[in-house]
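The values are calculated or read from the model by the stated rules, or taken from the named source; none is laboratory data. Only a predicted model underlies this, so the values are computations on that prediction, with no experimental measurement involved. When we count neighbours, we look across all protein chains shown, and the Cβ atoms used for this are built from the backbone with ideal geometry, even at glycine.
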Amino acid sequence: MADSLQFRGAVPRPHRTLVVVNSCLPDSGNMTDAAHPRVISESVDVDAPAEVIFSILSDPRQHARIDGSGSVRELVKGPERLSKGATFGMDMKLFGLPYKIRNTVVEYDEDRRIAWRHFGGHRWRYVLEPTAGGTRVTESFDYSRYGLVPRLVVELAGFPQRNREGIAGTLVKLKKAAEKDANGKQA
């Protein structure tokens with residue numbers, strides 16, 4: 001991949017192609033507004049096939065490996081490979097405080113889409129789309145299902161911007177991990 005940068009609205013990171021998209025990704029037809037303000041998304045082009053990327057995303061033991069937010073610590077309990085309806089627990093840290101969280105996979109399309117949510121109701125979603133040189137990965141923080149009070153709490157606490165920065169960091173790490181894994185499988 002060339003060392004060129006392609007950015008729209010993000011802080012540049014050296015030697016990465018990052019396309020920022022503030023859009024809503026359809027969820028079984030429920031979300032159709034392409035500019036939904038409560039879905040924070042960014043995308044990156046990865047020089048790896050979708051199945052390599054999906055194998056990282058669907059293995060909760062690898063989530064700490066790719067976390068760019070600094071909040072994911074390690075898997076507490078869960079399957080080796082996620083599927084629709086699967087639950088998994090993670091050790092987390094936010095504002096310097098450790099906590100545990102339980103997630104449920106709510107969207108799953110092998111090698112194309114995976115999303116999970118916890119008690120808060122927001123979703124972390126990854127969508128994989130083929131490109132000429134590999135796969136475009138879009139990660140989203142979707143809090144569009146929140147009512148007024150929870151939405152205001154999320155926004156006043158600064159989570160949309162904090163999560164946008166975490167997503168950008170995660171996509172950089174995911175790109176590096178997937179490209180390394182893809183090259184290792186070719187050797």
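Points to keep in mind about this one:
- Filtering V105, V76 for residues that are surrounded by 14 or more Cβ atoms within 10 Å (Cβ to Cβ) and either in contact with a helix residue (DSSP H, G or I) (Cβ under 6 Å, 6 or more places away or on another chain) or over 19 Å from V137 (Cβ atoms) (or both) leaves a single hit, V76.
- Qualifying positions in region 132-167 - in a helix (DSSP H, G or I) and closer than 18 Å to S41 by Cβ: R151, V154, E155, F159, P160, Q161, R162, N163, R164, E165, G166, I167
- At least 1 residues being over 29 Å from P130 (Cβ atoms) and not acidic (D, E) is the threshold, and among the strands (runs of 3 or more DSSP E) wholly inside region 35-107 those reaching it are 72-77, 87-94.
- Looking only at residues in region 138-155 that are within 20 Å of K93 (Cβ to Cβ) and touching a residue at least 60 places away in the same chain (Cβ under 8 Å), the one that is surrounded by the fewest Cβ atoms within 10 Å (Cβ to Cβ) is F141.
- The test for being farther than 23 Å from T138 by Cβ, modelled with pLDDT of 90 or more and either among the β-branched types (V, I, T) or surrounded by 19 or more Cβ atoms within 10 Å (Cβ to Cβ) (or both) holds for T87.
- Residue ID - surrounded by the most Cβ atoms within 10 Å (Cβ to Cβ), chosen from residues in region 156-182 that are free of Cβ contacts under 8 Å to residues at least 40 places away in the same chain and closer than 17 Å to R65 by Cα: K176
- Residue within region 116-130 that is on the phi < 0 side of the Ramachandran plot, crowded, with 17+ Cβ neighbours inside 10 Å, touching a helix residue (DSSP H, G or I) at 6+ places or on another chain (Cβ under 9 Å) and not in a strand (DSSP E or B) present: yes
- Where a residue in region 51-75 is more than 12 Å from R113 (Cα to Cα) and modelled with pLDDT of 95 or more and its partner, wherever it lies, is surrounded by fewer than 20 Cβ atoms within 10 Å (Cβ to Cβ) and of a type in the set (G, A, S), with Cβ under 7 Å and at least six apart: V52/A182; I56/A177
- Extreme residue, surrounded by the most Cβ atoms within 10 Å (Cβ to Cβ), among residues of region 45-58 that are of a type outside the set (V, I, T) and farther than 19 Å from F141 by Cα: A48
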